[in-house]
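A.B. asks: Dropping a structure here in C-alpha cells format, bear with me for questions.
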Amino acid sequence: NVPEDLTDKLLLASWGLPKAVLDKYHSLGVVQMFEWQAECLMLGQVLEGKNLVYSAPTSAGKTLVAELLILKRVLETRKKALLILPFVSVAKEKKCYLQ
C-alpha cells in the first residue's frame, strides 16, 4: 500500500550512497527501509542539514534514519559528524559497523 512516488525511495540504493556503504547494509540484510523512514528523509530540508525530530518505538529503525542523514551529509560536504548514542553497547556496535 505504498504510494508509487515513494516506492523507489524505500530502497537504500535510491539515496545516492556509495557502493561500499550499500554493500555493507546489504550484507546485514538491510536493502530497503520502512515508509516512515523514507518520509523522514524527505521532510522539508532535512537532507540539506535542517533539523529533524522524530519518535518511534524501540527497535523501530530510528538509528537507520540518523545514519543515512549523517552519511549523506559527510559524503556531500566532506565535514565530520558527531553521533551520540544512548548506551555503550550501541556505541560499540555502531563504531564497528560504521568503520
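A.B. asks: What tally of residues in the range 55-79 results from selecting those that are among the acidic types (Asp, Glu) and open to solvent by less than 30 Å² (accessible area, probe 1.4 Å)?
C.D. replies: Qualifying residue count for the region: 1.
Here is a yes/no grid of residues against (1) of a type in the set (Lys, Arg); (2) within 11 Å of the chain's Cα centre (by Cα):
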| residue | (1), (2) |
| --- | --- |
| GLY16 | no, no |
| GLN37 | no, yes |
| CYS40 | no, yes |
| LYS50 | yes, no |
| LEU68 | no, yes |
| ARG78 | yes, no |
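Per-residue answers, yes or no, for (1) in contact (Cβ under 8 Å) with a residue 12 or more places away in the chain; (2) among the charged types (D, E, K, R):
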position	(1), (2)
LEU11	yes, no
TYR25	yes, no
VAL31	yes, no
PHE34	yes, no
GLY44	no, no
GLU48	no, yes
SER59	no, no
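A.B. asks: Can you name every one of the helices (runs of 4 or more DSSP H) wholly within the chain that holds 1 or more residues which are modelled with pLDDT under 85 and touching an Asp or Glu at 6+ places or on another chain (Cβ under 8 Å)?
C.D. replies: 4-7, 88-98
A.B. asks: Can you pull out the residues in the range 1-54 that are buried (at least 16 other Cβ atoms within 10 Å of the Cβ), of a type outside the set (A, V, I, L, M) and under 19 Å from THR77 (Cα atoms)?
C.D. replies: TRP15
The values are calculated or read from the model by the stated rules, or taken from the named source; none is laboratory data. Predicted, not measured: the structure shown is a model, and the values here were computed from it. Ideal geometry is used to build each Cβ from the backbone, glycine not excepted, and the neighbour counts take in all protein chains shown. Only protein heavy atoms, including side chains, enter the accessible area calculation; ligands, DNA and RNA are left aside. Shrake-Rupley method; radii C 1.70, N 1.55, O 1.52, S 1.80 Å.
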